[in-house]
1. Just to be sure I understand, if you calculate Rg/Rh (Cα atoms, Kirkwood Rh) for this structure, which of [x] 0.94; [y] 1.00; [z] 1.03 do you get?
2. With a cut-off of 8 Å between alpha carbons and a minimum separation of six or more residues, what is the relative contact order of the range 79-165 in percent?
3. Quick one: His158, His84, fewest Cβ neighbours within 10 Å first, how do they rank?
4. If you line up the long axis of helix 48-60 against the longest principal axis of the chain, both from Cα atoms, how many degrees apart are they, to the nearest 10?
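Quick note: the coordinates plus some simple rules give every number you see, no bench work behind them. Keep in mind it's a predicted model, so treat the numbers as computed, not measured. When we count neighbours, we look across all protein chains shown, and the Cβ atoms used for this are built from the backbone with ideal geometry, even at glycine.
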Amino acid sequence: MQMKPIALQPQLADRVYDAILDAICDGQLEAGQRVTQEELAAGLNVSRQPVIQALMLLKRQGFLEEAGRRGLRVVPLDAAAISHVYEVRGALDGLAARAAAERSAERARIEGPALIDAGRTIAETGSVAERTAQDLAFHRFLYALSGNPLIEDAISTHMQHSRRIMGSVLRAQSRARDVWDEHDAILEAVIAGDGDRAEALARAHTARAAEELIAALKQGGQTDAA
């Protein structure tokens, strides 16, 4: 049987995709902002072909949408979508925190404090991208401590959307210290082997983040609610 070979996506297209996704998640490309092949190609110093491939993928993943004859635009953050993502994350983070307390308290005690210290430092001095990466590192640490690789697999589909949402949360300076105080409390519960408290704190942490972001979006007029 003869089949037509499938052309592999060039590595350049992957790098262009990563660069545009980073710009969306870090807020350089804002919600509702129009994007064009020409401007992106010029800004990234590449041809239009890898940009077209990257834009098609980002559109399929829900980061970009049609903007009529004007091409594409960054999808505005939607309160319902944020609520759905954080509802799933809350359940999985709660499960991970409970399992971590039951299975990996000693590893949490050894490795966790340095992660918290680094997070507090970056929260005060780091860029949004650095703060988001460190925040995600804490949650991935919880997933690793859980001993259940399916937890991170389950959230990975939505992780980039979570990353974008998390970046929006972290751009509110008032949350920077609170976030790591909450992380520290979760870690302390894990170290103590208190699964009930670890799960409750993890769920409350994600619920609070979702509530504050949705409130900020409504105040800024970026959601359907006035």
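1. Working out Rg/Rh (Cα atoms, Kirkwood Rh) from the coordinates points to [z].
2. Values: 56 pairs, mean separation 40.2, N = 87.
In percent, rounded to a whole number, it is 46.
3. Values: His158 18, His84 14.
Going from least to most buried by this count: His84, His158.
4. Helix 48-60 sits at roughly 50 degrees to that axis.
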